[in-house]
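Contents: one structure, followed by commentary.
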Amino acid sequence: GDPFDTSVLLWTRAAPVSTANPGPDVDVPICVSYKVFDNPRLSGSVINSGEAFTSYDVDWTVKVEATGLKADTRYWYQFADCTNAVTVSPVGATRTLPDPDTPAEDVNGGKPLTLAVFSCSRWQDGYFNAYGYAAHNTSADIFIHLGDYIYESLGNGASIGRQTLGRELATIFDYRQRLGQYRTDTSLIYAHQYSPWITDDHEVADQAWKAGTADSNDTTVGCSFSPSGACFTDRKLAAVRAYHEWIPIRQVVADDKLRIWRNFQIGKLLDLTMLDTRNTCVRQITDVNTISSYPNRSIMGFEQENWFYSSLSESQARGAVWRIIGQQIVFSQLNESGTYKLTFIHRLYCVNPLKDAWDGYRANRMRVLDYLYNNHITNTIILSGDSHANWVSDLAIPNDTTTYNPNTGDGAIGVEFAGTAVTSSSAFGAGISPQAADKISQVYVAANPDLQWSEGSYRGFFTLTIDANNINATYYAMNNIKTANLDGFSSAQFNVQKGANKLTRPVAGGNVAAGVLKSTVV
């Protein structure tokens, strides 16, 4: 994970096994070696190698940085037991990024670079087929994950062989156990084995914010959610520790494991800026509706927000063609017409009202849009997850149809691609049919000027294929997540041209295989 131009993080887990009772001595560390090669046969010269110790204290995980690598190059690697070289891991594959000064047209050897984008993988809801489909059936170079890599809940997946282990997550043991269970999914294993990942969101619990979650905080009542007696602060520290153990993510600053906002310069083709939009929220709907437009509210926190603006300007100043923003929650406004009371609306606006969407931070959203417009920041693409549905929008001032023309896209300042869940239930209702979901989507695309496509039935992911002149977004839908399979199809394709700052018209070529286009109802 987290590739740079000359290095990348490599991950494995090397747990002791023993037939003795009561088992292996957990106080004895294990030495693991690794070697990096420039070919899948692991032949010829070793490009990089080293050794690392792991122990019970880090759940037997190993995370090393392979250094001295060539930019924009694919590599293969393998771990082994230092004391017994025939005990080896599977062979993994990864890649480095191009040097930041690589001309846009030369990135990825002159071929388009493809990002595969995912979010929201709930174990008990189904098999993680989207990961496998992307790894096997697309040309994805890097996997991007926008939150909810794991869930803390139990649910009931026994009928499809997906019963979660343990209890609702609260302690370090709980989080490690759940992460370990996730890493038994065939598609997830394969996707991690053959591609580097860039992830965000610390995966603490549902609707986590800086001082609590949907069911926990540091009050007496908030500490009673689990038989463990863990309070929210204990829970957060356990979750963050396990996340850094199990996920190949770099620690951005040495003294702050909570900071995950960071930037990747991928040649002169693009800057990938990963944000953390789980910093703050308030809990009552009366409070949120009253203060959502207050200028002193920031969904990112003001330190990160100012860093974000500087990153946008620096990206444009250095000559990067595209600015791609990875963050967890839907950025564009989603007005509800009153016809439907969606699961999505209830989840985002009633359980912890407006917390999990930029609609709860309207002034902050306006500051972002104003910065893009006023500083003439072009070619900006926002990526979003969390909502368990697909949404594609031009980026424009909400409800401003004077400056922005929904038919032509003129007046927009960028594009948002928001993706559905890998498995988590639809925002439009669990198990909803495509026909029923389309009726809801029709209402949404009619009520929101900048929303150009909505789809709420299928689970899946999307890819961005990027070159110096175009971004092509392809949405993929999984036909069946109740068994492990690679059965899916392309549900919609979109294009953004360099300098246009809007979706190419006709949007999606005027035709999609699922969901509803604005052009068909307005």
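Before we move on, is Thr465 under 19 Å from the mean Cα position of the chain (by Cα) and in the same structural domain as Ser332 (by the TED database)? Walk me through how you get there before you give the answer.
Details: under 19 Å from the mean Cα position of the chain (by Cα): yes; in the same structural domain as Ser332 (by the TED database): yes.
Against the criterion (under 19 Å from the mean Cα position of the chain (by Cα) and in the same structural domain as Ser332 (by the TED database)), Thr465 qualifies.
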Given the conditions (1) open to solvent by 10 Å² or more (accessible area, probe 1.4 Å); (2) assigned to a loop (DSSP other than H, G, I, E, B), which single one is not true for Lys439?
(2)
Taking segment 94-140 as the region of interest, how many residues are closer than 30 Å to Glu314 by Cα and not hydrophobic (A, V, I, L, M, F, W, C)?
19
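Among what's in segment 382-412 and is polar (S, T, N, Q) and open to solvent by less than 10 Å² (accessible area, probe 1.4 Å), pick the residue that is farthest from Ala427 (Cα to Cα). Before you say what the answer is, go through the steps one by one.
Narrowing segment 382-412 to residues polar (S, T, N, Q): 384, 387, 390, 393, 399, 401-403, 405, 407-408.
Restricting the remaining residues to those that are open to solvent by less than 10 Å² (accessible area, probe 1.4 Å) gives 384, 387, 390, 393.
Values: Ser384: 14, Ser387: 6, Asn390: 10, Ser393: 18 Å.
That would be Ser393.
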Checking Val282 against (1) farther than 25 Å from Asn469 by Cα; (2) modelled with pLDDT of 85 or more, which single condition isn't satisfied?
(2)
Among the residues of segment 390-407, is any touching a residue at least 40 places away in the same chain (Cβ under 8 Å), closer than 19 Å to Ser519 by Cα and part of a helix (DSSP H, G or I)?
no
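With Tyr175, Tyr194, Tyr127, Tyr151 as the choices, which residue is touching a residue at least 40 places away in the same chain (Cβ under 8 Å) and surrounded by fewer than 23 Cβ atoms within 10 Å (Cβ to Cβ)? Step through it out loud before you land on a result.
Values: Tyr175 fails: surrounded by fewer than 23 Cβ atoms within 10 Å (Cβ to Cβ); Tyr127 fails: surrounded by fewer than 23 Cβ atoms within 10 Å (Cβ to Cβ); Tyr151 fails: surrounded by fewer than 23 Cβ atoms within 10 Å (Cβ to Cβ).
One residue alone meets the criteria, Tyr194.
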Scan segment 365-381 and tell me whether some residue there is at pLDDT 95 or above, crowded, with 22+ Cβ neighbours inside 10 Å and assigned to a helix (DSSP H, G or I).
yes
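Okay, residues lined up against (1) surrounded by 15 or more Cβ atoms within 10 Å (Cβ to Cβ); (2) touching a residue at least 24 places away in the same chain (Cβ under 8 Å); (3) closer than 17 Å to Leu9 by Cβ:
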residue: Pro40; (1), (2), (3): no, yes, no
residue: Asn48; (1), (2), (3): yes, no, yes
residue: Asp59; (1), (2), (3): yes, yes, yes
residue: Leu69; (1), (2), (3): yes, yes, yes
residue: Ser89; (1), (2), (3): yes, yes, yes
residue: Asp101; (1), (2), (3): no, yes, no
residue: Gly110; (1), (2), (3): no, no, no
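Any residue at all in segment 445-461 that is under 22 Å from Ala396 (Cβ atoms) and of a type in the set (Asp, Glu)? Don't jump to the end; show me each part of the working.
So the first thing to find is which residues in segment 445-461 are under 22 Å from Ala396 (Cβ atoms), and the list is 445-455.
When the remaining residues are screened for being of a type in the set (Asp, Glu), the result is 450, 455.
Yes, there is a match, as at least one residue in segment 445-461 is under 22 Å from Ala396 (Cβ atoms) and of a type in the set (Asp, Glu).
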Within segment 416-428, identify whether any single residue is under 30 Å from Ala317 (Cα atoms), among the hydrophobic types (A, V, I, L, M, F, W, C), in contact (Cβ under 8 Å) with a residue 60 or more places away in the chain and open to solvent by 10 Å² or more (accessible area, probe 1.4 Å), and answer yes or no.
no
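Just a yes or no: is a residue in segment 442-461 of a type outside the set (Ser, Thr, Tyr) and either closer than 30 Å to Gly110 by Cβ or not assigned by the TED database to the domain that holds Lys268 (or both)?
Narrowing segment 442-461 to residues of a type outside the set (Ser, Thr, Tyr): 442-443, 445-453, 455-456, 459-461.
Narrowing the set further to residues that are either closer than 30 Å to Gly110 by Cβ or not assigned by the TED database to the domain that holds Lys268 (or both) leaves 460-461.
Looking through segment 442-461, at least one residue is of a type outside the set (Ser, Thr, Tyr) and either closer than 30 Å to Gly110 by Cβ or not assigned by the TED database to the domain that holds Lys268 (or both).
The values are calculated or read from the model by the stated rules, or taken from the named source; none is laboratory data. Predicted model, so just to flag it, every value in this text is computed and none were measured. Note that we place each Cβ from the backbone using ideal geometry, even for glycine, and neighbour counts take in every protein chain shown. For the accessible areas, the whole protein counts, side chains as well, though only heavy atoms, and no ligand, DNA or RNA atoms are used. Shrake-Rupley method; radii C 1.70, N 1.55, O 1.52, S 1.80 Å.
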